[in-house]
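A short reminder: the numbers here are calculations on the coordinates, not readings from a lab. Note that this is a predicted model, so its numbers are computed, not measured.
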Ligand SMILES: [Zn+2]
């Protein structure tokens, strides 16, 4: 295994100050990974966070795979749903699948199926992240023209939630996750780990206002997972989706996006 995976690009101190300490870390694997700290300005990130926290629970579904009959279950969240028999049965089967190395997951998410006039946190984020300026910024990070986003959602991981190893192949050209998690450290779980030959070679700890992008299409290995949350009363929050890019259009990369 190659141990030198990182290439850190530091921008000068003045720019660093102006740009709110933006740092782009790229891995040497043919520009597969991009991590941008302080992606939006802090006030903006706080407003988005507040919007998500205040989103009523019925916007969220506990998404469980597999359920009892190997099916995917999406349970609309309401007070006490975790105490229902059905939920507990699904969870038991789900846990067994996870322990037996089967693809499985359990976390809360929103869906991308609201009315056109909906102004919820998810719909606002969709509009913002699809705006011309934002698509341009994404394009300047990855050096390819980003033309649209596919299947976005807000995810919330709380105690025991997890996402087992999978590749994202077929979802889009690049995956992105905009992190809004606060007050976290790696021992709380919820780490995005990348795996090759059963070894972890890259780990991303949820950090507030950080954008992480990774390439899916035309790269040999994209296997990754989110480690199980080990703490009570804490939530890992992210806005996630996939970029569709126009491969024929190269964009000049900009370190100061
Ligand atoms: Zn909405």
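Note: relative contact order over region 63-130, using C-alpha pairs below 8 Å and six or more positions apart, is 32 percent. For region 114-136 and region 25-96, what is the separation of their C-alpha centers, rounded to whole Å? First find each Cα centre; the distance between them is then 18 Å. The relative contact order of the chain comes to 22 percent, based on Cα pairs under 8 Å that sit 6 or more residues apart. Normalised by the number of residues in region 108-246, the average gap of Cα pairs under 8 Å and 6 or more apart makes the relative contact order 36 percent.
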